[in-house]
Amino acid sequence: GVDGLVVGVDFSRGMLEEARRKVAGPPAALVQADAEHLPFRDGSVDAVTCSHAFYELKG
């Protein structure tokens with residue numbers, strides 16, 4: 001909705017800088033974090049999309 005917040009997360013500072021250059025539309029919050037230790041409370045996210053990351057996940 002209009003009150004939503006888009007958050008982009010990546011482990012790489014360089015990829016976050018690239019995202020910052022390419023983001024279109026409303027600003028997105030960009031966060032550097034490890035996917036195994038995300039800095040979000042349980043239940044605080046309504047939806048998740050993942051791109052170019054599944055090949056990195058192990059286990």
* To do: Please verify whether segment 12-30 includes one or more residues that are touching a Phe, Trp or Tyr at 6+ places or on another chain (Cβ under 8 Å) and within 21 Å of K58 (Cβ to Cβ).
  => no
* Structure fact -> Only one of (1) at pLDDT below 85; (2) surrounded by 10 or more Cβ atoms within 10 Å (Cβ to Cβ); (3) small (G, A, S) does not apply to G59, and that is (2)
* Asked: Name the pairs: first residue in segment 1-24 and loosely packed, with under 10 Cβ neighbours inside 10 Å, second residue at pLDDT below 90, Cβ to Cβ under 9 Å, at least 6 apart or on different chains?
  -> G4/P26
* Do we have any residue at all in segment 32-47 that's surrounded by 12 or more Cβ atoms within 10 Å (Cβ to Cβ), of a type outside the set (F, W, Y), in contact with a strand residue (DSSP E or B) (Cβ under 9 Å, 6 or more places away or on another chain) and part of a strand (DSSP E or B)? -> yes
* Structure fact -> When segment 5-31 is checked residue by residue, the ones that are assigned to a helix (DSSP H, G or I) and either over 21 Å from V45 (Cβ atoms) or over 11 Å from the mean Cα position of the chain (by Cα) (or both) are R13, G14, E17, E18, R20, R21, K22
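The values are calculated or read from the model by the stated rules, or taken from the named source; none is laboratory data. Computed from a prediction, not measured in an experiment: that's the story for all the values here. Cβ: placed from backbone, ideal geometry, glycine included. Neighbour counts: every protein chain shown.
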